[in-house]
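Have a look at the structure below before the remarks.
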Amino acid sequence: MSYKLNLIRKDKARATYACGKTLFQQKINEGLVPPPIKLGLRAVAFYEHEVNATLAVTIAGYSNQQIKDFVSELVTKRKNLLAQYTHLEAAND
C-alpha cells in the first residue's frame, strides 16, 4: 500500500490525541503511539497516516496490547518505504 508522506509536527500530533505533553510522551514510550521521525538535531515529526490509523484503532476499542502490536506493524512498514521509492527510481532509468 502506498501512502502520501505527509509529516506533522509533534504539537499537531499531540493535539490529535487531545492530551498533554507528558501523557503523549508516555504513550510514545509505551508503544501506544508511533515514535517520531528525526528531521534534524532538534526536530521531529510524525507520519500523519500513522497518527490517524493509531487513533482509529484506539477509538475502535482495541486493547493496549493490540494497539502496541498495530503500532509495531506500522513502524515495520516504514522500512518498506525505501524499497518502494528505490523501485520507482530504478524504473525511471
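Each other residue within a Cβ distance under 15 Å of residue 18 adds +1 if Lys or Arg and -1 if Asp or Glu, for a net charge of +4. In degrees from 0 to 90, rounded to the nearest 10, what is the angle of the helix 64-91 Cα long axis to the longest principal axis of the chain? Roughly 20 degrees between the two axes. Using the scaling law 2.2 N^0.38 Å as the reference, what is the normalised Cα Rg of the chain? It is 1.17.
In degrees, nearest 10, range 0 to 90: what is the angle between the Cα axis of helix 48-59 and the longest Cα principal axis of the chain? So the helix axis and the longest Cα principal axis differ by about 40 degrees. A simple spin-label model places pseudo-atoms 7 Å from Cα toward Cβ; at residue 42 and residue 78 they are separated by 2.2 nm. For the pair residue 85 and residue 49, label points projected 7 Å from Cα toward Cβ lie 1.3 nm apart.
Laboratory data are not the source of any read-out in this text; all were calculated from the coordinates shown. Predicted model only: the values in this text are computed from it and were never measured. Cβ: placed from backbone, ideal geometry, glycine included. Neighbour counts: every protein chain shown.
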